[in-house]
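Read the structure below first, then the notes.
The values are calculated or read from the model by the stated rules, or taken from the named source; none is laboratory data. Just so it is clear, the model here is predicted, and its values are computed rather than measured. Neighbour counts are summed over all protein chains in view; Cβ atoms, including those assigned to glycine, are modelled from backbone coordinates with ideal geometry.
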């Protein structure tokens, strides 16, 4: 077991196409979230809405390390995860506006979206509760004998929940193929990490359970991808869980109603100017002649169109039919054609 | 003077056991802590140690004897200088007179039979004997048969019925597995999972650490991932640690996902008061879970219902909370001998028909309801006794049809009175059958107090047959 900081400075070997796709995927999340913020301001999105702006490199880097069939589950700051795993922006935005065309037919909202097709298991609103769920998904994969890996995302705030450690113990005990991704954006809602956490190095939190951990610069998508590759290889080879503490930063408030009294405007501004993950890749593309300004403008334009389209869809999609109030409370069908006809005959007899 | 060794009470609910094996023979010297015998309770096989040194003078109960009542003398120990001859001259306590004279734990059986209610004493006797005739479980519902007439029946305990239900479903579906504390190597804290590890192996019968919140969540995640988990809580008291996962994760995901995914699984274990285990281990959670849309809730009384409903629960594509009862585990009932016997949810069972009053209950409350009905019959009052069996969905129609016939209703439940299921039933009856009522519905529930430890207070805290009788007298204006 080892807990360590990733090697810094090593120049990753990455293709122009890969770099461009990271740029594009991160930009999609940012523009999408900006639009969501706008729609919230217009009253089209209600309730809680937690934006991912600033943290884009985390999910984009890790999705680049995932393979088809791998699973992901996260908390309520989840729009970025959905877009990064390929869910349709129209369906995500329409869920934010509470419309029929949303992923949950408007019944889940910002915090509760799912996609069986993309192996995205939510979208959970209780801090820390998705962590045992993620381990449970990995448990199912191990039980079924496939070699899938589950990415279980949670924040520095959730890292102080008791059930996270109950899960670490069982995941290590049973060698579950789960990657615990701690997205450390430095603030648990409005409480700075140093005010809530006795030891700052969250990647060491698995040591007591024998789970290796690593801290990663979450503003560097290539570093995240490299760490993801390592974690995935570890899990897929049957060695059990792995912890990635990814240091990142959220530019916006915890939710839309954040008074932002707990940090300075200068701190946020400094991160944006000096550390921004999208700007970093943009510069890299230009510096290494992987793309021209015009190429990047074309990408920006494409993203803008996708996001505008999603906003239009989300506005035009009708509200769910009133019958939806009472649907999906219970599943009707018995899976695998399991028959209880015998009993029915018994009943009728 | 020779000292008697008494059959020990090895669990809070043990009333009798099997003397499986003697590890000493007459004439052996033993020291304090030496193992004298192996005793099989309804939960486990346990070693029984000598408390002080001496010589085994005589063995009174042969190895292999079943049904040895707690506090029965099973051997006689001799002090230094004594011989077997001293035994015959010494007065021996009669085997059928339990008492603290020989030392050792007071058996729960004593606490029960010592009560001032003759009916309760009779009940305890019926429980201990588990035999036909004495057991209210022998009353067969006429109105609502769950199996064809003429079906072969056999006596089985609730515990065995639950185990068989799990084993049958595990044979039928390889994705069904059971996880929980002590379910595997220990063979179940209450022996419900006995034998499952041997048949299905450690992959499917999984001992968890003592970490309810975590393993309940892992179970829900496994259900999201395509498996059919049975999560056993050693008791539902400990499930309070996990209730967020049961409600927020298991019950609500189908709705929150617009029908895309849910948690087909069972949360099961003993619920409600056992015997003398005090406030933190004695609570009925029926009303808590029945409150939640997205959950199905079952609380069986008889062994046949336990089996048929648990099989249905395991196959159900929704999360099911299956509330068992420790005191009922050891009771025997007729169970149909059918290859694949299930009972649908949402269907009450009419245990006895009557025209004077409707008594509605479920789970262990049925013991009071049926006993009250027997005693009422002696006075010429014919009670209709309905066992709801499932608490979500509830078979309102059967209750309402009965109330419309009898015009009177008494509910019996073990849980706390405030916001109880009984309150809910009263409200539904008032709304839907107001014009049929000749008296207000009376709720017999547990008292509005944390469960006390003291035997007399515990008895008072639970509802009783006498209270049910009193309620019936009130609603029938007698």
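Hey, can you tell me all the residues within region A:125-134 that are facing another protein chain (nearest Cβ under 7 Å) and surrounded by 24 or more Cβ atoms within 10 Å (Cβ to Cβ)? I'd like the intermediate steps shown before the answer.
Kept after step one, since they are facing another protein chain (nearest Cβ under 7 Å), are these residues of region A:125-134: A:126, A:129, A:132-134.
Within region A:125-134, A:132, A:133, A:134 meet the criteria.
Determine whether residue B:313 is under 30 Å from residue A:106 (Cα atoms), part of a helix (DSSP H, G or I), modelled with pLDDT of 95 or more and outside the structural domain of residue B:363 (by TED's automatic domain parsing). Give the derivation first.
Values: under 30 Å from residue A:106 (Cα atoms): yes; part of a helix (DSSP H, G or I): yes; modelled with pLDDT of 95 or more: yes; outside the structural domain of residue B:363 (by TED's automatic domain parsing): yes.
Yes.
Give the residues of region B:312-348 that are more than 18 Å from the chain's Cα centre (by Cα), away from chain A (no Cβ under 11 Å) and farther than 30 Å from residue B:261 by Cα, sorted by residue number.
B:337
Quick check on my filter: what residues within region B:440-453 are over 21 Å from the mean Cα position of the chain (by Cα) and either surrounded by 16 or more Cβ atoms within 10 Å (Cβ to Cβ) or more than 25 Å from residue B:400 (Cβ to Cβ) (or both)? Even if it seems obvious, please write down each step before you answer.
Start the filter on region B:440-453 by keeping residues that are over 21 Å from the mean Cα position of the chain (by Cα), which leaves B:440-443, B:448-449.
Selection gives B:441, B:442, B:443, B:448, B:449.
Out of all the residues in region A:31-80, which are surrounded by fewer than 24 Cβ atoms within 10 Å (Cβ to Cβ) and assigned to a helix (DSSP H, G or I)?
A:31, A:34, A:35, A:37, A:38, A:39, A:40, A:41, A:63
Go through region B:438-458 and give me each residue that's touching a helix residue (DSSP H, G or I) at 6+ places or on another chain (Cβ under 7 Å) and either in contact (Cβ under 8 Å) with a residue 60 or more places away in the chain or assigned to a loop (DSSP other than H, G, I, E, B) (or both). Give the steps one after another, and end with the answer.
Applying the first criterion (touching a helix residue (DSSP H, G or I) at 6+ places or on another chain (Cβ under 7 Å)) to region B:438-458 yields B:439, B:441-447, B:449-452, B:455.
Answer for region B:438-458, where residues must be touching a helix residue (DSSP H, G or I) at 6+ places or on another chain (Cβ under 7 Å) and either in contact (Cβ under 8 Å) with a residue 60 or more places away in the chain or assigned to a loop (DSSP other than H, G, I, E, B) (or both): B:439, B:441, B:444, B:445, B:446, B:447, B:449, B:450, B:451, B:452, B:455.
Suppose we filter region A:298-349 for residues that are part of a loop (DSSP other than H, G, I, E, B), surrounded by fewer than 14 Cβ atoms within 10 Å (Cβ to Cβ) and modelled with pLDDT of 95 or more; how many remain?
Looking only at that region, the number is 3.
Could you look through region B:1-17, keep only residues that are over 23 Å from residue B:270 (Cα atoms) and under 32 Å from the mean Cα position of the chain (by Cα), and pick out the one that is surrounded by the fewest Cβ atoms within 10 Å (Cβ to Cβ)? Steps first, answer last, please.
So in region B:1-17, the residues over 23 Å from residue B:270 (Cα atoms) come out as B:1-8.
Filter once more, keeping what is under 32 Å from the mean Cα position of the chain (by Cα): B:5-8.
Numbers: B:5: 24, B:6: 25, B:7: 28, B:8: 21.
Across region B:1-17, the extreme among qualifying residues is B:8.
Take residue A:108 and tell me if it is crowded, with 24+ Cβ neighbours inside 10 Å, part of a loop (DSSP other than H, G, I, E, B) and at the interface with chain B (Cβ under 7 Å from one of its Cβ atoms). Don't jump to the end; show me each part of the working.
Working: crowded, with 24+ Cβ neighbours inside 10 Å: yes; part of a loop (DSSP other than H, G, I, E, B): yes; at the interface with chain B (Cβ under 7 Å from one of its Cβ atoms): yes.
Yes.
Given region A:189-290, what helices (runs of 4 or more DSSP H) lie entirely inside it while holding 2 or more residues that are touching a residue at least 60 places away in the same chain (Cβ under 8 Å)? Walk me through how you get there before you give the answer.
Details: elements: A:193-196, A:221-236, A:265-275, A:277-287.
Correct list: A:221-236, A:265-275, A:277-287.
Could you pull out the residue among B:244, B:207 that is facing another protein chain (nearest Cβ under 8 Å) and out of contact with any strand residue (DSSP E or B) (no Cβ under 6 Å at 6 or more places or on another chain)? Break it down into steps so the answer makes sense when it comes.
Working: B:207 fails: facing another protein chain (nearest Cβ under 8 Å).
Answer to the check: B:244.
Please go through region B:24-53 and pick out each residue that is more than 32 Å from the chain's Cα centre (by Cα) and under 23 Å from residue B:66 (Cβ atoms).
B:24, B:25, B:26
Within region B:244-267, does at least one residue satisfy the condition of being closer than 30 Å to residue B:457 by Cβ and in a helix (DSSP H, G or I)? Steps first, answer last, please.
So in region B:244-267, the residues closer than 30 Å to residue B:457 by Cβ come out as none.
No.
Please work out which one of (1) at pLDDT 95 or above; (2) under 28 Å from residue A:219 (Cβ atoms) is the condition residue A:198 fails and give its number.
Just one mismatch for residue A:198, condition (1).
Just for region B:250-306: of the residues that are at positive phi and within 12 Å of chain A (Cβ to nearest Cβ), which one is surrounded by the fewest Cβ atoms within 10 Å (Cβ to Cβ)?
Among those that are at positive phi and within 12 Å of chain A (Cβ to nearest Cβ), it is B:259.
Can you find a residue in region B:212-234 that is under 23 Å from the mean Cα position of the chain (by Cα), outside any loop (DSSP other than H, G, I, E, B) and surrounded by fewer than 20 Cβ atoms within 10 Å (Cβ to Cβ)?
Of all residues in region B:212-234, those under 23 Å from the mean Cα position of the chain (by Cα) come to B:212, B:216, B:229-234.
If we keep only those that are outside any loop (DSSP other than H, G, I, E, B) too, we end up with B:212, B:216, B:229-232.
Pick out the ones that are also surrounded by fewer than 20 Cβ atoms within 10 Å (Cβ to Cβ) and you get none.
Among the residues of region B:212-234, not one is under 23 Å from the mean Cα position of the chain (by Cα), outside any loop (DSSP other than H, G, I, E, B) and surrounded by fewer than 20 Cβ atoms within 10 Å (Cβ to Cβ), which makes the answer no.
Kindly indicate whether residue A:140 is modelled with pLDDT of 95 or more and either under 29 Å from residue A:53 (Cβ atoms) or more than 17 Å from the chain's Cα centre (by Cα) (or both). Steps first, please.
On the way: modelled with pLDDT of 95 or more: yes; either under 29 Å from residue A:53 (Cβ atoms) or more than 17 Å from the chain's Cα centre (by Cα) (or both): yes.
The answer is yes for residue A:140.
Among the numbered criteria (1) within 13 Å of chain B (Cβ to nearest Cβ); (2) more than 21 Å from residue A:26 (Cα to Cα), which one does residue A:119 miss?
Among (1) within 13 Å of chain B (Cβ to nearest Cβ); (2) more than 21 Å from residue A:26 (Cα to Cα), residue A:119 violates only (2).
If we keep just the residues of region A:156-183 that are touching a strand residue (DSSP E or B) at 6+ places or on another chain (Cβ under 6 Å) and part of a helix (DSSP H, G or I), which is surrounded by the most Cβ atoms within 10 Å (Cβ to Cβ)? Give the derivation first.
Going residue by residue through region A:156-183, those that are touching a strand residue (DSSP E or B) at 6+ places or on another chain (Cβ under 6 Å) are A:156-157, A:159, A:171, A:178-183.
Still in the running and part of a helix (DSSP H, G or I): A:159, A:171.
Numbers: A:159: 24, A:171: 31.
Of everything passing the filter in region A:156-183, A:171 is surrounded by the most Cβ atoms within 10 Å (Cβ to Cβ).
Residue-by-condition table, conditions (1) within 14 Å of chain A (Cβ to nearest Cβ); (2) in contact with a helix residue (DSSP H, G or I) (Cβ under 8 Å, 6 or more places away or on another chain):
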site	(1), (2)
B:146	yes, yes
B:151	yes, no
B:154	no, no
B:163	no, yes
B:167	no, yes
B:174	yes, no
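Which of the residues spanning region B:180-204 are within 14 Å of chain A (Cβ to nearest Cβ) and within 20 Å of the chain's Cα centre (by Cα)? Step through it out loud before you land on a result.
Within region B:180-204, the first condition is being within 14 Å of chain A (Cβ to nearest Cβ), and the residues that meet it are B:180-181, B:184, B:200-204.
Matches in region B:180-204: B:180, B:181.
Just to be sure before I move on: is residue B:137 surrounded by 19 or more Cβ atoms within 10 Å (Cβ to Cβ), more than 8 Å from chain A (Cβ to nearest Cβ), modelled with pLDDT under 95 and not in a strand (DSSP E or B) in the structure I sent?
yes
Could you run through region B:190-199 and say how many residues are buried (at least 21 other Cβ atoms within 10 Å of the Cβ) and either more than 11 Å from residue B:159 (Cβ to Cβ) or without any contact (Cβ under 8 Å) to a residue 24 or more places away in the chain (or both)?
Summing the residues that are buried (at least 21 other Cβ atoms within 10 Å of the Cβ) and either more than 11 Å from residue B:159 (Cβ to Cβ) or without any contact (Cβ under 8 Å) to a residue 24 or more places away in the chain (or both) in region B:190-199 gives 1.
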